[in-house]
1. Quick check: net charge around TRP445, other residues with Cβ under 13 Å of its Cβ, Lys/Arg +1 and Asp/Glu -1?
2. So what is the relative contact order for segment 122-272, in percent, with contacts set as C-alpha pairs under 8 Å and at least six apart?
3. Taking segment 144-185 as the region of interest, what is the percent of Cα-Cα pairs per 10 angstrom bin, listed from the shortest bin to the one with the maximum distance?
4. What is the chain's relative contact order, in percent, from Cα pairs under 8 angstrom and six or more apart in sequence?
5. Kindly provide the helix-only [θ] at 222 nm of the chain, computed as the sum of -39,500 (n - 2.57) over DSSP H runs of four or more divided by all residues, to the nearest 500 deg cm²/dmol?
6. Suppose every K and R has +1 on its Cβ and every D and E has -1 on its Cβ; what is the size of the dipole of the chain about the Cα centre, in Debye to the nearest 20?
7. Quickly work out the LYS209-to-GLU310 label distance, labels modelled 7 Å from Cα along the C-beta direction, and quote it in nm with one decimal.
8. Over segment 201-341, what per residue volume does the convex hull of the Cα atoms give, in whole Å³?
Amino acid sequence: MSRILIVEDEAIIRTALRRLLERHGYEVSEAGCVDEALALEPRGFDLVISDLRLPGEPGTDLIEQAAPVPVLIMTSYASMRSAVESLKQGAVDYVAKPFDHDELLETVARVLHQQSAHRTSPPDITDAGGSRQKMIGECAAMQAVYTRIRKTAPADVTVLIQGESGTGKELVARAIHQQSQRIHAPLICVNCAAIPETLIESELFGHEKGAFTGASAARTGLVEAADGGTLFLDEIGELPLDAQARLLRVLQEGEIRRIGSVETRHVDVRLIAATHRDLRALSKTGEFRLDLYYRLNVMQIDLPPLREREDDILLIADALLEKACRRHRRDGLRLSRAAHREIRDYPWPGNVRELENALERGVILAEGHLIHPDDLGLNPSPAAQHRSVVEPRSIPTDQARDEESENEEDLSLEDYFQHFVLEHQDHMSETELAQKLGISRKCLWERRQRLGIPRKKQARRSSA
């Protein structure tokens, strides 16, 4: 379902337009001015429809703020001059008010079709095990990442990937390498945080025999091993200052010198670095060389955290669940509705890596064919609990009534469990109940305890 943001200061027009679009299957949000629109993060929508004349800033200010999302300008001042000016500033099209409903819907459908045709498809990646996969994600932030990968990969420049731990920085590095001209040369991946500080220079740049205690033979460093290919340095913010100085020389001169050697060797290496830290802030405290930061930051790619990719979370979860089921030979497992809600509402501080671990737990612990929230082992999200209390009050009365009726017709799995047990426990044994529910007797007992469902006591026989 396409998401559309309407920016219009006249409430009557805004409401009429929202109802028109919603009747034709679009998800619509509203704003009365540019500031309100920016608060709703317009880049998260598929289309912005904005009036030209608004309180404060004009609607054309959203063209740059919402990019790459297209902006359709509408105005009651239907002059060719304002139309041309809007198009020159980057508006995707222009509609005059009062607009014809069919004409507006046709324009919206055409713009969205053109937008979907230009969406960048996720790159294919061959992982370390040789299996091929696609990066997963369709949100606006990931579309920007795919576009940056596509444009950056052939350019053979240094790339800095920034993002929280577990967001997939190594996947982006692999995608860049495999779309570059160096695809047939090696990709060497190094986690700078995993190598002791005393060994990092030797690992990266190599050493000669006898260079230090324990150096019983000469060794080629990882930078030299990546000659002709790509070197990916993950967590580069953990690199010691001495190693930073050596790496700077590699970037500036294309030269390395092994520890204990006087001989300089030339290397042709493309460097991709990644970090979850603010390197500019580290440079101000002297923990990271500012000149190295500028050498690294030729092209920057920012990876969004999972909590900002709401539309992608369940897509990623389904793909990871399928892999986990194959790995543990538990085909046919799927997430319950309650587990879907838990995954969608959880803030995921550990990002995709944490999601993968939770699903693996679920596959191992699940009884029957469904994975329930308790199988995932996640702590409830305070934000999700807060939303469940606050959001219904903000929904209009008619819409809230509709959603409540849908929820009543579509019982959750926990409700179904409770209803089934209470209805059948009078004439079914615990073993029969468990078999019908597709779970073990132990799981039946545990869920009885959790939901507070007592076992039916057998009636005592009357004495003769």
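FYI, it's all coordinate maths here, none of it is from the lab. Please read these numbers as outputs of a predicted model, since none were measured by experiment. No Cβ is skipped: glycine too gets one built from the backbone with ideal geometry, and neighbour counts run over all protein chains shown.
1. On the way: positive: ARG441, LYS442, ARG447, ARG448, ARG450, ARG455; negative: GLU367, GLU430, GLU446.
Local net charge: +3.
2. On the way: 228 pairs, mean separation 34.5, N = 151.
That works out to 23 percent.
3. Calculated P(r), rounded to whole percents: 29, 58, 13.
4. Working: 684 pairs, mean separation 47.1, N = 464.
Computed value for the chain: 10 percent relative contact order.
5. On the way: 21 runs with 214 residues, N = 464.
Using -39500 (n - 2.57) per qualifying helix, the result is -13500 deg cm²/dmol.
6. Values: 60 positive and 75 negative charges, 344 e Å.
It comes to approximately 1660 debye.
7. 6.5 nm
8. Numbers: hull volume 27.1 nm³, N = 141.
Output value, Cα hull per residue: 193 Å³.
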